[in-house]
1. Filter region 169-191 for residues that are free of Cβ contacts under 8 Å to residues at least 40 places away in the same chain and part of a strand (DSSP E or B); which is farthest from residue 75 (Cα to Cα)?
2. Residues in region 339-355 that are closer than 22 Å to residue 266 by Cα and not in a strand (DSSP E or B): how many?
3. Would you be able to tell me the number of residues in region 200-232 that are farther than 24 Å from residue 31 by Cβ, without any contact (Cβ under 8 Å) to a residue 60 or more places away in the chain and either out of contact with any helix residue (DSSP H, G or I) (no Cβ under 7 Å at 6 or more places or on another chain) or crowded, with 19+ Cβ neighbours inside 10 Å (or both)?
4. Give the residue, chosen from 247, 202, 233, that is more than 12 Å from the chain's Cα centre (by Cα) and at pLDDT below 95.
5. Taking residue 82 and the conditions (1) touching a helix residue (DSSP H, G or I) at 6+ places or on another chain (Cβ under 7 Å); (2) farther than 19 Å from residue 199 by Cβ; (3) surrounded by fewer than 20 Cβ atoms within 10 Å (Cβ to Cβ), which numbered condition does it fall short on, given that it satisfies the others?
6. Return yes or no: is residue 149 surrounded by 19 or more Cβ atoms within 10 Å (Cβ to Cβ), in contact with a helix residue (DSSP H, G or I) (Cβ under 8 Å, 6 or more places away or on another chain) and closer than 15 Å to residue 101 by Cβ?
7. Which one is nearest to residue 89 (Cα to Cα), of the residues in region 132-164 that are part of a loop (DSSP other than H, G, I, E, B) and over 20 Å from the mean Cα position of the chain (by Cα)?
8. For residue 110, state whether it is modelled with pLDDT of 95 or more, assigned to a helix (DSSP H, G or I) and touching a helix residue (DSSP H, G or I) at 6+ places or on another chain (Cβ under 8 Å).
């Protein structure tokens with residue numbers, strides 16, 4: 001099935017077929033892994049035109065191989081996008097995408113609830129050194145975002161739900177308000193990963209995702225993607241990626257492509273497990289609130305229900321007031337929740353988080369410790385038993 005044909009099918013069918021070209025690979029179903037540095041050309045003229053726009057096809061191993069291009073086509077089909085550029089990590093995709101559209105003296109608006117490294121490493125380091133002014137805005141601003149636009153504003157960067165505390169942004173209201181301003185809209189969509197939310201269909205220009213997470217799905221590859229709606233933006237993004245020397249490894253692209261084939265069934269299971277665990281957590285005396293948009297009690301539930309088709313496995317809880325030692329005792333006692341960064345794999349994870357240290361546009365008002373959980377594909381009865389043991393340790397340490 002050609003990529004052109006896959007666009008006419010429903011999502012799970014697209015996932016099963018997009019990016020495949022058996023006739024170009026001796027009938028092999030999965031695109032093979034191409035390892036390459038040097039690419040040869042039949043004529044001098046073709047060689048000398050290799051790195052000039054428009055950027056298409058292989059010109060050097062660093063600029064991509066058929067393995068990478070197949071993965072990019074599949075991601076584009078999932079999003080209903082024009083084209084995609086693969087990066088060696090999610091953070092590389094974020095940095096590369098933002099830097100494509102900014103220059104010294106520009107002003108950008110960034111959601112106060114973004115992923116920590118976006119705030120500290122990209123905004124606080126790279127952009128600050130480049131003379132780009134970053135203003136953090138309240139993630140719940142909606143259409144009011146237009147009031148923050150200045151003559152030198154070039155980009156609005158969103159993330160929905162927000163990192164750590166899962167605020168849902170009103171993306172359609174924001175993109176509608178910004179229409180006609182010339183401001184580029186960009187979103188980190190990793191939580192929904194193109195499966196449960198389609199930003200391009202809601203007016204967003206550029207979608208950034210850490211494919212390391214749900215796309216790969218097995219905690220064994222580093223990968224990022226940037227998907228755009230227009231050829232103009234593709235040429236800009238691809239040109240900047242080439243300038244930085246970003247290179248998505250062919251083996252990781254292969255794993256990303258393979259992960260896409262099952263992202264639908266995996267995310268449905270993550271959602272089922274997470275909703276069951278979140279509901280159970282709501283009933284615990286140790287929990288002040290559960291931050292998970294798919295819960296009817298969540299402040300973002302109505303927006304989530306309107307714009308999303310599902311929820312992934314990542315959530316946070318605010319515990320009742322307790323010392324750090326009690327939180328550590330709870331987390332350290334888990335058998336099934338690994339203590340580690342990232343998420344999106346088949347396994348459950350946990351981390352203590354500290355939103356009060358980073359928020360500025362809307363200061364964090366929670367009073368208890370915040371713990372982030374990624375609910376994996378294990379049996380939920382076992383996960384709940386594990387969480388129960390943790391609460392026993394938490395309560396003992398609080399006394």
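The values are calculated or read from the model by the stated rules, or taken from the named source; none is laboratory data. As the structure is a prediction and not an experimental result, all values here were calculated from the model. Cβ: placed from backbone, ideal geometry, glycine included. Neighbour counts: every protein chain shown.
1. Result: 185.
2. 8
3. 3
4. Of 247, 202, 233, the one residue that is more than 12 Å from the chain's Cα centre (by Cα) and at pLDDT below 95 is 247.
5. Exception for residue 82: condition (2).
6. It is false that residue 149 is surrounded by 19 or more Cβ atoms within 10 Å (Cβ to Cβ), in contact with a helix residue (DSSP H, G or I) (Cβ under 8 Å, 6 or more places away or on another chain) and closer than 15 Å to residue 101 by Cβ.
7. The residue in question is 132.
8. No; evaluated as a whole, the condition is false for this residue.
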